[in-house]
1. For residues that are touching a helix residue (DSSP H, G or I) at 6+ places or on another chain (Cβ under 8 Å) and under 15 Å from Leu123 (Cβ atoms), scanning just the stretch 79-91, find the one that is surrounded by the most Cβ atoms within 10 Å (Cβ to Cβ).
2. Could you please let me know if Asn4 is at pLDDT below 70 and not in a loop (DSSP other than H, G, I, E, B)?
3. Take Arg102 and tell me if it is touching a Pro at 6+ places or on another chain (Cβ under 8 Å), of a type in the set (D, E, K, R) and either surrounded by 10 or more Cβ atoms within 10 Å (Cβ to Cβ) or at pLDDT below 85 (or both).
4. Looking at (1) assigned to a loop (DSSP other than H, G, I, E, B); (2) in contact with a Phe, Trp or Tyr (Cβ under 7 Å, 6 or more places away or on another chain), can you tell me which one Gly127 breaks?
5. If you go through the stretch 15-33 one residue at a time, how many are acidic (Asp, Glu) and modelled with pLDDT of 85 or more?
Amino acid sequence: MAFNNLGSDANELAENHDINVTPFIDVMLVLLIIFMVAAPLATVSIPVDLPNSSAKPQPAPEKPLFLTIEKDNTLTLDDDNQVNLEQLVPQLDAMLENKEQRIYIRADQNIAYKDLMAVVNQLNQSGYLQIALVGLEGVEGGQ
């Protein structure tokens, strides 16, 4: 028998001093796969020249609420109520029954992106989450 030749005591097995690296290798391969998938998703600064939209325009509601941001950053509600950014939310609360109504934002193409985002952030923080951006239809190669 092979076990009888192990040493002086037949009931005692020799100690194995080797490290079992199989679990370590399994964990490392899983981490490698995770990082290989996550690394391309973490890239943010990709220059993109977006094409024009050819989607069909959605029908507008019967009485849409337009918020216009003019070239000089003047805010106008429904083409007649000029407000500043601090007065925007109280004015909307007075005009609307609930915060679920969609607000259509028309912005001049020459305003800074940060100014547009300031208005959108103000609306989002106040609970107005139904926001739509209005653009020209059928314009090819826009400016």
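The values are calculated or read from the model by the stated rules, or taken from the named source; none is laboratory data. As the structure is a prediction and not an experimental result, all values here were calculated from the model. Counting neighbours? That spans all protein chains shown, and the Cβs are built from the backbone with ideal geometry, glycine included.
1. Once the filter is applied, the top-ranked residue is Leu88.
2. In short, yes.
3. yes
4. All conditions are met except number (2).
5. Adding up the residues that qualify gives 1.
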